Amino acid sequence: MESKYKDSHMHKTIDTGILTFVPDLWDNYWASRHHVMSRLSQHYKVLWVSPPLPWRKAFSASHIMGNSRGIKKQSSNLWIYEPEWYLPCKTRIRVLSRSWDWIRKRRIKGFLSDMGIKRLILYLWRPEYFSCVGKFDEDLVCYHIDDEYTFSFDKDQPVSDTERELIRNSDLVFIHSKSLLKKKGSLNFHTFYIPNGVAYSYYREVMDDPNAYFCELDEIPEPRIGYVGIIKKQIDLDLILEIARKRKNWSIVLIGPISKSHKEVQKKIELLRKEKNVFLLGGIKPDDLPKYIKKLDVCLMCYQRNEYTKYIYPMKVNEYLACGKPVVSVYLENLEEFESVLYFASDVSDWISKIEKCVKENDSEKTFNRIKWANQNSWDSRIEKVVSIFQEKLCKNSLMSEKGTCR
């Protein structure tokens, strides 16, 4: 079923297809990759390839009996391929790994042929996909950097050899934050700043709909102070717990799935569950995000400050602003430009002070400015830029190689 979680419809412009390798399943909590590819599928035929299963998990009874993986058509121009359970990722047995890789590649080439793609953009989202370059007779290689993949908290790691090679061997590089642009942008002349966006039209449609509400939020006492996103180790859960304990009259609402890979989060979650004014609502569908944000009084971006978070550009900032909500955030270098439309906070007392200010706020001009800011950062405008870059690059390549003509 096609998601409504997008901006206004765009039209296909050229007969080019995209093969994209991503670290997620399509049905996972939506990240920038989902937003970018769902919108690019309004211009091109897109084949989204999810990671194969770990081999130990692949040969478990549940996957063999379930056998739900494979190719499926998600929407009119978007196909999702989850490699079958019998084609897992690498093992120490090289002959098996090579065989599985070869079969997966053949399967993907067959899908691309069935889709009738004439020119191909290979769109990669992680350094480990560098091995895919040159294997699909692609016309263009694009590498999109939407995170700092070293995941170091206490030390800024240098660019890995693999990522450096991928950046240098890509025709185009997109980078989602200015701090990452400073770190990696000089490695390839054809590098562009493409920050995260927001499905602005849909968010405003929900905000203007008087029937867009959820009973579970209506039952939670006001004021509702909320965080929306994956509950992971990068979030300052100690800060949230302290705010909840110091302001018992506030309802602290956490909306999003709890990361299963971050075991250290579990103990802090248990402490939060013991507080009567803390509400953990779990993950929700992408279409429902603005409906939940609509019922919040103040929105939080309570990240820890470390060598990882200095590189992030949180997708939620534009989503909060599109709803016109007051936002309190930890200071992040990539959010400096947002200073006029949100509040930065430092220690616990400052967080409480800024949140209190937001709770009491009744300023229509500030609300208007937040919405206006979000409108300037829509996914529509981001993807228009990406498509324009693709068009220009493909045209130049076509002329240089004399394979075709510009469209």
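List of remarks:
- Considering only Phe279, Phe189, Phe136, the mean-square fluctuation computed in a Gaussian network model of the chain, springs between alpha carbons under 10 angstrom, is largest for Phe189.
- In summary, the helical segments of the chain meeting the span-like criteria, namely a full DSSP H run, a Cα extent along the axis of 20 angstrom or more and a mean Kyte-Doolittle hydropathy of at least -1.0, are 94-114, 379-401.
- Where Rh is the Kirkwood radius over Cα pairs, Rg/Rh for the chain: 0.97
- Selected from Phe368, Val341, Gln157, residue furthest toward positive end of dipole (the chain; charges at beta carbon): Gln157
- Loop-located trypsin sites (Lys or Arg not before Pro) in region 184-251 (DSSP state not H, G, I, E or B) with no more than 14 neighbouring Cβ atoms inside 10 Å: Lys248.
- From the alpha carbon centroid of region 149-202 to that of region 283-333 is 21 Å.
- Secondary structure note: in region 200-375, about 5% of the DSSP beta bridges are antiparallel.
- Highest-first arrangement of 104-115, 296-307, where packing means the average Cβ count within 10 Å: 296-307, 104-115
- Along the axis of the charge dipole computed for the chain (Cβ charges of +1 for Lys and Arg, -1 for Asp and Glu, origin at the Cα centre), the listed residues Val328, Val141, Ile220 are led at the positive end by Val141.
- If you wrap the Cα atoms of region 307-407 in a convex hull and average its projected area over all directions, you get 9.2 nm².
- Beyond 22 Å, the tail of the calculated P(r) for region 200-375 holds 41 percent of the Cα pairs.
Every number in this text was worked out from the coordinates using simple rules, so none of it is lab data. Keep in mind that this is a model prediction, so the values were computed, not measured. Using ideal geometry, Cβ is built from the backbone for each residue, glycine included, and neighbour counts are taken over all protein chains shown.
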